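Every read-out reported here was derived from the displayed coordinates using simple, explicitly stated rules and does not represent laboratory data. Keep in mind it's a predicted model, so treat the numbers as computed, not measured. Don't worry about glycine lacking a Cβ; one is built from the backbone with ideal geometry, like all the others, and counts go over all protein chains shown.
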Amino acid sequence: MHKHLRRLERVWIDWPIYFITTCTSKRRSILTSKEVAKILVDEWLNAHDRHGWAIGRYVIMPDHVHFFCSAELDAKALPTFMQA
């Protein structure tokens, strides 16, 4: 017999802060390059003006990144922002 965990209630927060983890294509270690990492950080610094997303603390690993982000009211949708 399978026991199922009870599903938690949904929580809605007006201005959530998201914790995102995303990987490079095919998990390639391209973020070890200082030039590539600088391009990423520069894009994050401009993310608020270009996409309506503010980037907070982040960690850049060789093949993935972790970061906190928050959207303005008129921000692009998260999937659109992530693909930009």
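For the range 46-84, how many residues meet the condition of being of a type in the set (A, V, I, L, M), closer than 17 Å to Trp15 by Cβ and in contact with a Lys or Arg (Cβ under 8 Å, 6 or more places away or on another chain)?
Qualifying residue count, the range 46-84: 0.
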Exercise for the section: Might you let me know whether the range 28-42 holds any residue that is of a type in the set (S, T, N, Q) and within 18 Å of Ala77 (Cβ to Cβ)? Expected result: no
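Would you mind stating whether Gly56 is of a type outside the set (S, T, N, Q), touching a residue at least 12 places away in the same chain (Cβ under 8 Å), surrounded by 12 or more Cβ atoms within 10 Å (Cβ to Cβ) and on the phi > 0 side of the Ramachandran plot?
no
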Handout entry: Candidate set from the range 27-53 (those that are small (Gly, Ala, Ser) and in contact (Cβ under 8 Å) with a residue 24 or more places away in the chain); member that is surrounded by the most Cβ atoms within 10 Å (Cβ to Cβ)
Key = Ala47
Handout entry: Residues within the range 1-36 that are under 18 Å from Ala84 (Cα atoms), of a type in the set (A, V, I, L, M) and under 15 Å from the mean Cα position of the chain (by Cα), tallied
Key = 1
